[in-house]
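Below is one structure, written out as structure tokens, with a few remarks after it.
Values quoted throughout were computed directly from the atomic coordinates according to the rules given, and no laboratory measurement underlies them. As the structure is a prediction and not an experimental result, all values here were calculated from the model. Here the Cβ positions follow ideal geometry from the backbone for every residue, glycine too, while neighbour counts run over all protein chains shown.
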Amino acid sequence: MDEKKLSDIIENFESKLDKDIRPWGGYITLWEDEKFKVKILFILPKKRLSLQRHKFRKEKWFIAEGEALITKGKKNLILSEGNTIIIEEGELHRIENRSPNKILKIIEIWMGEKLLEDDIERIEDDFGRV
């Protein structure tokens, strides 16, 4: 990669930022291209995402701050700051913040052939989005 191309990527970085508020908290997309997407998830106290799966992507989560109750397949795991986990394509999963007063922060990396927000099959949802 030449310096000009790298400079263009860095200068256009801010235009790639995507932000969204959800009933469970929200996220900021830090980077997105055809190979991967990187987000920071902010999960509010006592909230959880849908029990879900994805057809076209796998995800890697890094617990940046707080403690997460993770559903991965039929297992429930508690992960704290510094821990990572990989969710495979088609695998049921959910993130929950059990803290009564602290926001859970997770760095999420999507990898797969299609990196679309609508690649989601909700099985259960606390907010009526199934």
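Quick check: from the Cα gyration tensor, does the stretch 24-98 come out rounded (a/c under 1.5), prolate or oblate? Don't skip to the end; give the middle numbers.
Values: a/c = 1.59, a/b = 1.16, b/c = 1.37.
Because a/c hits 1.5 or more and a/b fails to exceed b/c, the stretch 24-98 counts as oblate.
Would you tally the net charge around residue 125, using a Cβ to Cβ cut-off of less than 14 Å, leaving residue 125 out, and scoring K and R as +1, D and E as -1?
Numbers: positive: 22, 47, 48, 53, 94, 122, 129; negative: 96, 121, 124, 126.
Local net charge: +3.
Based on the mean of other Cβ atoms within 10 Å per residue, sort peptides 91-98, 73-80 so the most packed one is first. Present the calculation step by step, with values, prior to reporting the outcome.
Details: 91-98: 19.6, 73-80: 11.0.
Most protected by this proxy first, the peptides run 91-98, 73-80.
Taking 8 Å as the Cα distance limit and 6 or more residues as the minimum spacing, I'd like the relative contact order of the chain as a percentage. Provide the component values of the computation, followed by the final result.
Values: 298 pairs, mean separation 37.8, N = 130.
Answer for the chain is 29 percent.
How large is log10 of I(q)/I(0) for the stretch 76-115 at q = 0.15, 0.25 Å⁻¹ when the intensity is taken from the Debye formula with one equal scatterer per alpha-carbon?
-0.47, -1.10
Using 0.36 nm per residue of separation minus the Cα-Cα distance, give me the extension gain between residue 30 and residue 64 in nm, one decimal.
On the way: separation 34, 0.36 × 34 = 12.24 nm, distance 1.46 nm.
Extending this stretch completely gives an extra 10.8 nm.
Determine which residues of the stretch 56-100 fall in the zone a paramagnetic label at residue 38 would reach in this model, i.e. backbone nitrogen under 20 Å from the point 7 Å along Cα→Cβ.
In the stretch 56-100, the label zone of residue 38 (backbone N under 20 Å from the point 7 Å along Cα→Cβ) covers 57-66, 81-87.
Compute the length gained on full extension between residue 102 and residue 77: take 0.36 nm times their separation in residues and subtract their Cα-Cα distance, giving the result in nm to one decimal. List each step's numbers first, then the result.
On the way: separation 25, 0.36 × 25 = 9.00 nm, distance 1.87 nm.
Extending this stretch completely gives an extra 7.1 nm.
Once Rh for the chain is found with the Kirkwood sum over Cα pairs, what is the Stokes-Einstein diffusion coefficient at 37 °C and 0.692 mPa s, in µm²/s?
Values: Rh = 15.5 Å.
Answer from the Stokes-Einstein relation: 212 µm²/s.
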